1. Could you identify the single residue in Met164, Met140 that is open to solvent by 70 Å² or more (accessible area, probe 1.4 Å) and under 21 Å from Gly56 (Cα atoms)?
2. Considering each of Ile81, Ile125, Ile146 in turn, give the residue that is open to solvent by 90 Å² or more (accessible area, probe 1.4 Å), on the phi < 0 side of the Ramachandran plot and either among the aliphatic types (A, V, I, L, M) or touching a helix residue (DSSP H, G or I) at 6+ places or on another chain (Cβ under 7 Å) (or both).
3. From the list Ala33, Ala96, exactly one residue is of a type in the set (A, V, I, L, M, F, W, C) and farther than 30 Å from Lys175 by Cβ. Which is it?
4. With under 23 Å from Asn180 (Cα atoms) and at pLDDT below 75 as the only criterion, which of Asn76, Asn55 stands out?
5. Among (1) in contact (Cβ under 8 Å) with a residue 40 or more places away in the chain; (2) under 20 Å from the mean Cα position of the chain (by Cα); (3) surrounded by fewer than 18 Cβ atoms within 10 Å (Cβ to Cβ), where does Leu114 come up short?
6. Return the total of residues in the range 167-187 being within 21 Å of Gly82 (Cα to Cα), open to solvent by 70 Å² or more (accessible area, probe 1.4 Å) and of a type outside the set (Ser, Thr, Tyr).
7. Name the residues in the range 27-62 that are of a type in the set (Phe, Trp, Tyr), surrounded by 15 or more Cβ atoms within 10 Å (Cβ to Cβ) and more than 27 Å from Leu102 (Cβ to Cβ), would you?
8. Can we say Ser88 is surrounded by 16 or more Cβ atoms within 10 Å (Cβ to Cβ), among the hydroxyl-bearing types (Ser, Thr, Tyr) and under 19 Å from Asp48 (Cβ atoms)?
Amino acid sequence: FEFLLNRSSYTFRNITLYLAWFINTNFEFSNSALLSDYNSKRFSSELDLFLPILNGNNLELYFGYLFKSGNYEYINNFVPIGFSTNNSDKQFRFTASYYQPLIFLEWQTPIIPLFIEYIYLKPFIDYSIGWSKNINQYEMDTINSIGVQLSTKNILFYRYTFDMGINIYKKSISKNIEYNPFIRFNL
């Protein structure tokens with residue numbers, strides 16, 4: 001009964017109009033006074049908005065800002081799809097995508113308890129600006145990608161949700177159409 005109730009509420013949430021927003025902010029620092037090998041700091045903040053358009057369809061807007069100094073590694077959340085790193089001291093990312101469920105399956109795989117709930121399509125535009133200060137002037141780096149994501153929404157072992165699919169996109173640097181498969185767990 002609990003399993004059916006969880007799945008029903010999950011499906012109901014994804015086919016009805018809803019407004020959601022998520023904020024994630026982190027500040028990290030390392031200092032030699034705290035017995036660290038180097039001095040560095042990193043601040044990141046993200047805002048994710050889901051705006052209802054039609055039943056089950058959402059406009060997703062993502063805003064992310066990253067500031068870092070020192071030896072902290074780069075965070076991939078702040079570069080567009082298809083890029084691995086930008087290495088700028090400051091980074092701003094904006095993503096707009098349209099989330100549209102295509103087919104509701106409610107299909108169970110025969111061997112493991114994996115339920116494929118539905119297939120969705122997500123056209124997107126992903127834009128990022130990075131800048132670093134070099135001797136009294138800023139050096140800016142702008143990259144973007146535009147494409148579509150085709151995925152399935154899944155439930156594993158009656159509890160864990162994950163998306164599995166493929167991104168097909170065109171990057172601003174290479175001008176070629178590329179693709180990459182992905183699996184993203186929603187823990």
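1. Details: Met140 fails: under 21 Å from Gly56 (Cα atoms).
Result of the check over Met164, Met140: Met164.
2. Testing whether each residue is open to solvent by 90 Å² or more (accessible area, probe 1.4 Å), on the phi < 0 side of the Ramachandran plot and either among the aliphatic types (A, V, I, L, M) or touching a helix residue (DSSP H, G or I) at 6+ places or on another chain (Cβ under 7 Å) (or both) leaves just Ile146.
3. Ala33
4. Asn76
5. With (1) in contact (Cβ under 8 Å) with a residue 40 or more places away in the chain; (2) under 20 Å from the mean Cα position of the chain (by Cα); (3) surrounded by fewer than 18 Cβ atoms within 10 Å (Cβ to Cβ) applied to Leu114, the lone miss is (2).
6. The total comes to 10.
7. Correct list: Phe43 only.
8. In short, no.
The values are calculated or read from the model by the stated rules, or taken from the named source; none is laboratory data. Everything quoted here is computed from the prediction, not taken from an experiment. Every residue, glycine as well, gets a Cβ built from its backbone with ideal geometry; the counts of neighbours run over all protein chains shown. What goes into the accessible areas is simple: the full protein's heavy atoms, side chains included, and nothing from ligands, DNA or RNA. Shrake-Rupley method; radii C 1.70, N 1.55, O 1.52, S 1.80 Å.
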